[in-house]
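**Student:** Structure provided below as structure tokens; questions to follow.
The values are calculated or read from the model by the stated rules, or taken from the named source; none is laboratory data. Quick caveat, the model's predicted, so the values are computed rather than measured. Glycine also receives a Cβ, built like all others from the backbone with ideal geometry; neighbour counts cover every protein chain displayed. Calculation scope for accessible area: heavy atoms of the full protein, side chains included, ligands and nucleic acids excluded. Shrake-Rupley method; radii C 1.70, N 1.55, O 1.52, S 1.80 Å.
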Amino acid sequence: QVQLVESGGGWVQPGGSLRLSCAASGSMFSTYNMDWYRQAPGKNRELVASITNNGRQDYADSGKGRFTISRDNAKLALYLQMNNLQPEDTAVYFCSAERYNMRFWGSGTLVTVSS
């Protein structure tokens, strides 16, 4: 089992940047596939970016060219660098870990993009 805690959310103006972090605890972090999801008010939770245990990255169309997912297995950490943020990126962002069809979630961090 793995425990996840997100940080780095906040308020930013359109065009700005934020870096989200997810601190993991528990065993075998490097064996998990890791994802960032987000949930905007009144909408379903959606996948933003993924990174496999081998480091392969994948992005939803909404984040391609603007978001970068990365991980540091030695630090038990997952990151999401978000650039050129827009109001439609406003959401609660969740870190998620998946292994053997078991998925674990953090409690989320709020990102607000407005002028």
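**Student:** Pop out the ³J(HN,Hα) list for region 8-19 in order, Karplus 6.51 cos²θ - 1.76 cosθ + 1.60 with θ = phi - 60°, rounded to Hz; leave Gly and Pro as x.
**Tutor:** Karplus values, whole Hz, x for Gly and Pro: x, x, x, 9, 8, 7, x, x, x, 10, 9, 10.
**Student:** Okay, moving on. Explain nothing, just compute: Karplus ³J(HN,Hα) = 6.51 cos²θ - 1.76 cosθ + 1.60, θ = phi - 60°, for every residue of region 52-67 in order, whole Hz, x for Gly and Pro.
**Tutor:** So the Karplus estimates, Gly and Pro as x, are 7, 5, 9, x, 6, 9, 8, 9, 5, 4, 4, x, 4, x, 10, 10 Hz.
**Student:** On to the next question. Let me check the size of region 59-115 from its C-alpha atoms; what are the radius of gyration and Dmax in Å?
**Tutor:** 13.0, 43
**Student:** So if we plug the beta-carbon distance of A60 and S17 into 1/(1 + (r/R0)^6) with R0 = 22 Å, what FRET efficiency do we get, rounded to 0.05?
**Tutor:** 0.75
**Student:** For the chain, which whole percent of the accessible surface, found with a 1.4 angstrom probe, sits on carbon and sulfur atoms?
**Tutor:** That share works out to 47 percent.
**Student:** Share of antiparallel DSSP beta bridges in the chain, in percent to the nearest 5?
**Tutor:** 95
**Student:** State the volume of the convex hull built on the alpha-carbon positions of the chain, expressed per residue in Å³ and rounded to an integer. Please list the in-between numbers first.
**Tutor:** Values: hull volume 10.5 nm³, N = 115.
With only Cα atoms used, the chain gives 91 Å³ per residue.
**Student:** Multiply the residue gap between S70 and A40 by 0.36 nm, knock off their C-alpha separation, and tell me the result in nm, one decimal place.
**Tutor:** So the chain would gain 8.5 nm between S70 and A40.
**Student:** If you don't mind, there's one more thing I want to ask. If ligands, DNA and RNA are left out, what is the accessible area of D58 with a 1.4 Å probe, given in Å² to the nearest 10?
**Tutor:** The value for D58 is about 90 Å².
**Student:** Taking all pairs of different Cα atoms in region 1-66, averaging 1/r and flipping that mean, what Kirkwood radius in angstroms comes out?
**Tutor:** When all Cα pairs of region 1-66 are included, the Kirkwood radius is 13.7 Å.
**Student:** For the chain, report the accessible area per residue in Å² (1.4 Å probe, heavy atoms, rounded to an integer). Could you put the intermediate results ahead of the total?
**Tutor:** Values: 6090 Å² over 115 residues.
On a per-residue basis, the chain sits at 53 Å².
**Student:** On to the next question. For the chain, build the charge dipole from Cβ charges (+1 Lys, Arg; -1 Asp, Glu) around the Cα centre, then report which of V92, A23, Q39 sits farthest towards its positive end.
**Tutor:** A23
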